[in-house]
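Student: Please find one structure pasted underneath; my questions will follow.
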Amino acid sequence: MKIPNLTMARRCRRWFLAVCFYLGFHAIGIGLAFGQAKLHAAQSASSQAGSPTRRPFHNGLELRNGKMVLQVFALRDDVLRVRLSATSELPEDASWAVPTEIRHQGVDVTQESEGGTVGFHTRSLRVRIDRSTLRLSVSDLQGDVLQEDAPGWPAEFHGDAFRVFKNMPEDEHYFGLGDKVGSLDRRGQAFRLWNTDAFLFQGTTDPIYKSIPFFMTMRAGRSMGFLLDNTWSTSFDFGRVEQGMYSFGSEGGPIDYYVFYGPDPKKVVSTYAWLTGLPPLPPLWSLGFQQSRFSYESESRLRGIADRLRADKIPSDVLYLDIDFQKEHRPFTVDTTQFPHFQQMLSDLRKERFHIVVITDLHIPKLPGAGYKPYDSGLAEDQFVKNPDGSTFVGSVWPGPSVFPEFTRPSGRQWWGTLYKDFLSQGVAGFWNDMNEPSIFSTPNNTMPDRTRHRIEEPGFRPRTADHLEIHNVYGMENSRATYEGLLKLDPDSRPFVLTRATYAGGQRYAVTWTGDNTSSWNHLRSTTAMLLNLGLSGFGLCGADVGGFIGTPGPELLTRWTELATFQPIDRNHTNKGSGDKEIWVHGPEQEAIRRRYIEERYRLLPYLYTVVEELSRTGMPIVRPLFLEFPNATKDNHPLDLDAGNEFLFGPDLLVAPPPFPEQPDSYPLKLPSGIWYDYWTGTKIAATANDRHATPSSLLIQPKLESLPVFVREGSVLPMQPVIQSTDETPRGDLTLRVYPGKDCHGSLYLDDGKTMAYKRGESLRMQFSCEETPEGVALHIGNHQGTFHPWWKQIHVEVYGWDAARGGVDVKNGPDGPAAAVNMERHMLAVDLPDDGQGTDVEIRKSN
């Protein structure tokens, strides 16, 4: 099998350009030598190739050509697994991200052979492979190509490194890879995945804290997903190096990837969750407002913050303790000089309905003979990472010379979990795993040396040792896994709260996350939305960004706008760095505090809606903050993602659209982009018809004039939003009625989920679900309130219904099997009719009619 030199030269150029970007080469001589070595290796391999051999399986096939071996299996009709090797043998079939029971699923396929290609089809997908080159093409059954190898060989190899090239259609867009910086669409960008303590990261910084090698495509309204299951340092290039193709590669490890089809983007997201796991239902208190800084250095300071939050009636649930609460920064200790009554303080703050989250970094200071339990017990049980010579690796971090737990063994994770016993028994509510890239101060690469050794004794893996190069990107995830599993073992009926900075694909099974050490700048406020949206698509629907920016001191307007935006994000944590000015809600005076308080109060009013969306996330993987294309994949004339035209707009759950200024520091008006249909202004109730000559477009005359006190929010027609009275903490029982805000329109429906918010009782059926629907009638609106499903008893006895878009001065109400003609009140300024209905749990149907 002979490959033309011209074709190979082009391929070598692609490889060379990609590697230059990936490694940062600037020496042309090095690059040319690399390319010549690659060309020689490829020609040598091709000259040794014999006749291709095909081996069919009930769920796919294997094709061999020379030493190249390609396997493609159908896990489901819409999910393919692809494995490729240049050495005749496929690597170990093991994964930190995809469970064994998922990897080994399969469906029957129909084998196909035509001319120079072989393949198969499922009920959703068709696979074609070129016999001579192993070039792979995946299409739907209508013939639309979803993913296709670029011309030539499917992959290129140089030693243990590889790179795979795919054709990149002009109208295809790419989303995911977690919270990488840059625009929402990854097209035209390139990234390296190598967990990095990226202090002071900016808009071009790469890599940063997480490695999530998943992306999804959108093309003409159709979506496909891709997961590269490789824990080594990997890189993705979406047309930055060479137009017309995208590529991915790694410096080691397997070519093992999954291709899965929607075509609906929601289906892609749910399939990724099926592959890598769902996030657990978090404690309700973690959805409340959270206050933190590096650091509240004394007990009196922390108590003062708590007192001010309650005195100023700022709803809040969580206070954080960063590393300065510890004795000399040693994890799992308390500085009894600054926190002399630590357990009593926890008890007192708990009575004030605060939940305390403390940091527990993974570096364990090396303190032989000092009576430091984490070091002594870990050393006795041989639980620390090793150097190549078998000695214990030591690196310097906050507490000085430190050792590092071995999380690649169940025994190591179990040992780590036991360290939480004292804090948990004292009343600490949650735990924060930071610095777990791992970040180390004393090494040239600010992490463990490449050849540091890890012992793998994981079920599903072959027992062996591995270089840190292989384990680095999963180290933070396994740290959070050890914490999560340890907390569950210590207190099986309470929901753990774990916050992690570094992670890998599948890490959502164990922890929530945030975007790391951002800065107090308008640019970072602007970039927050894209980072959280891509995190949500990548499995981490529970995520946040430090409100106000971690590094630096925000001015009044920046902190206010950031507080407003964070109201509509999954994790709402105000945080700041040592040396930065205060960022608590009351700084900058009463006028700014009043605006910020109003938005935090609105978040607490929306908790029934938010908690319902979070419960959906725990069942389906559907994120809380969503790009517009997730709900509206066909919102534009050519079906390109509307998000590309809509600035920083995003959805909070399925029904609320948040439209912050694309440049929040500027006073200029900006156009509002809405998917076609009817929308309602969340604040005023005003109805907006998003139609024009082109049914997909929003009228260009619909402009928003930014106002500091107003973040534009809109409600999708057909929504029923459950809301509650303002409370000061999620531990407080709301006083009053459940409110249902009804926004009539097509496909009108809504739902409510409720449980105790704390324990695992919901898994035993102790929860509440309600379904709502409405229909516009010639006389008004017909509303259905479903019965209570489940055994959990709600806090309300009455439902306050608000129907928006109301244009009559009066209204009448008829309740089936209910009270005769309950009184209705009309608020013409808010375009709303309101009526109060008793709720006995049996459900009811209500006719709301217009009258003169």
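The values are calculated or read from the model by the stated rules, or taken from the named source; none is laboratory data. This is a predicted model, so every value here is computed, not measured. Counting neighbours? That spans all protein chains shown, and the Cβs are built from the backbone with ideal geometry, glycine included. Ligands, DNA and RNA are stripped out before the accessible areas are found, and what is left, the full protein with its side chains, is counted by its heavy atoms. Shrake-Rupley method; radii C 1.70, N 1.55, O 1.52, S 1.80 Å.
Student: About the Cα centre of the range 728-792, how large is the charge dipole given +1 on each Lys and Arg Cβ and -1 on each Asp and Glu Cβ? Please answer in debye to the nearest 20.
Tutor: Dipole of the range 728-792, to the nearest 20 debye: 240 debye.
Student: How many angstrom lie between the Cα centre of the range 237-307 and the Cα centre of the range 70-126?
Tutor: That distance is 27 Å.
Student: If you don't mind, another one. What does the helix-only formula give at 222 nm for the chain: each DSSP H stretch with n ≥ 4 adding -39500 (n - 2.57), the total divided by the residues, and the result rounded to the nearest 500 deg cm²/dmol?
Tutor: After summing the helix terms and dividing by the residues of the chain, the value is -7000 deg cm²/dmol.
Student: I've got another one for you. Stretch Thr204-Lys578 to full length: gain in nm at 0.36 nm per residue minus the Cα-Cα span? Before the final figure, lay out each step's value.
Tutor: Working: separation 374, 0.36 × 374 = 134.64 nm, distance 2.44 nm.
Residue separation times 0.36 nm, minus the Cα-Cα distance, leaves 132.2 nm.
Student: Carbon and sulfur atoms: what percent of the 1.4 Å accessible area of the chain do they account for?
Tutor: 50
Student: Mind grabbing the accessible area of Ser494 for me, 1.4 Å probe, Å², rounded to tens?
Tutor: Only protein atoms counted, so the area is about 40 Å².
Student: If you don't mind, there's one more thing I want to ask. Leaving out ligands and nucleic acids, note down the accessible area per residue over the chain with a 1.4 angstrom probe, in whole Å². Could the numbers behind the result be given before it?
Tutor: Numbers: 30770 Å² over 852 residues.
Spelled out: the 1.4 Å probe surface of the chain, per residue, equals 36 Å².
Student: A further question on this structure: Treat each spin label as a single point 7 Å out from the Cα along the C-beta direction, and report the His58 to Asp312 distance in nm.
Tutor: That separation, rounded to one decimal, is 6.5 nm.
Student: Could you tally the net charge around Arg830, taking each other residue with its Cβ under 13 Å from the Cβ of Arg830, Lys/Arg +1 and Asp/Glu -1?
Tutor: Result for the local shell: -2.
Student: Describe numerically, in nm with one decimal, the distance between label points set 7 Å from Cα along Cα→Cβ at Ser51 and at Thr777.
Tutor: 7.6
Student: By the gyration tensor of its Cα atoms, with a ≥ b ≥ c the square roots of the eigenvalues, what is the shape of the range 306-389: rounded for a/c under 1.5, prolate for a/b over b/c, or oblate? Don't jump to the answer; show the numbers that get you there.
Tutor: Working: a/c = 3.43, a/b = 2.50, b/c = 1.37.
Judged from the Cα gyration tensor, the range 306-389 comes out prolate (a/c at least 1.5, a/b above b/c).
Student: Given 0.36 nm per residue, what is the gain on full extension from Gln705 to His793 after removing their alpha carbon distance, in nm?
Tutor: 27.2 nm
Student: Quick check on packing: order 805-813, 461-469 by the mean number of other C-beta atoms within 10 Å, highest mean leading.
Tutor: Per-residue mean Cβ counts within 10 Å order the peptides as 805-813, 461-469.
Student: Please compute the alpha carbon radius of gyration of the range 59-105, then divide it by the globular-protein estimate 2.2 N^0.38 Å. Two decimals is fine.
Tutor: This ratio for the range 59-105 stands at 1.20.
Student: Using a simple spin-label model with points 7 Å from Cα along the Cα→Cβ vector, what separation in nm is obtained for Thr336 and Asp681?
Tutor: 6.1
Student: Rounded if a/c is under 1.5, else prolate if a/b is larger than b/c, else oblate: which is the range 587-716, with a ≥ b ≥ c the root eigenvalues of its Cα gyration tensor?
Tutor: Judged from the Cα gyration tensor, the range 587-716 comes out oblate (a/c at least 1.5, b/c at or above a/b).
Student: Same structure, new question: Which three semi-axes in whole Å describe the equivalent ellipsoid of the chain, each the square root of 5 times a Cα gyration tensor eigenvalue, listed largest first? Write out the running numbers ahead of the final one.
Tutor: Details: eigenvalues 409, 260, 120 Å².
Result for the chain: semi-axes of 45, 36, 24 Å.
Student: With every atom except the alpha carbons ignored, what do you get for Rg and Dmax of the range 239-300, in angstroms?
Tutor: In Å, with Rg to one decimal and Dmax whole: 20.9, 61.
Student: From the protein chains alone at 1.4 Å, what is the descending order of accessible area for Lys327, Lys763, largest first?
Tutor: So, going from the largest accessible area down, we get Lys763, Lys327.
Student: Do any GluC sites (Glu not before Pro) in the range 332-407 lie in a loop, going by DSSP, with at most 14 other beta-carbon atoms within 10 Å of their beta carbon, and if so which?
Tutor: Hits after loop and neighbour filter: Glu381.
Student: Projecting each Cα onto the charge dipole of the chain (Lys/Arg +1, Asp/Glu -1 at the beta carbon, about the Cα centre), which of Val846, Pro712, Tyr272 comes out farthest on the positive side?
Tutor: Of the candidates, Tyr272 comes out farthest on the positive side.
Student: On to the next question. Can you tell me the equivalent ellipsoid semi-axes for the range 44-198? Use √(5λ) from the Cα gyration tensor, largest first, whole Å.
Tutor: Numbers: eigenvalues 139, 82, 64 Å².
Rounded to whole Å, the semi-axes are 26, 20, 18.
Student: Something else now. Enter the Cα centre distance for the pair the range 778-800 and the range 401-451, rounded to the nearest angstrom.
Tutor: 47
Student: Using a cut-off of under 15 Å, list every residue of the range 745-786 whose amide N is near the label point 7 Å from the Cα of Glu847 along the Cα-to-beta-carbon line.
Tutor: It comes to 775-784, nothing else.
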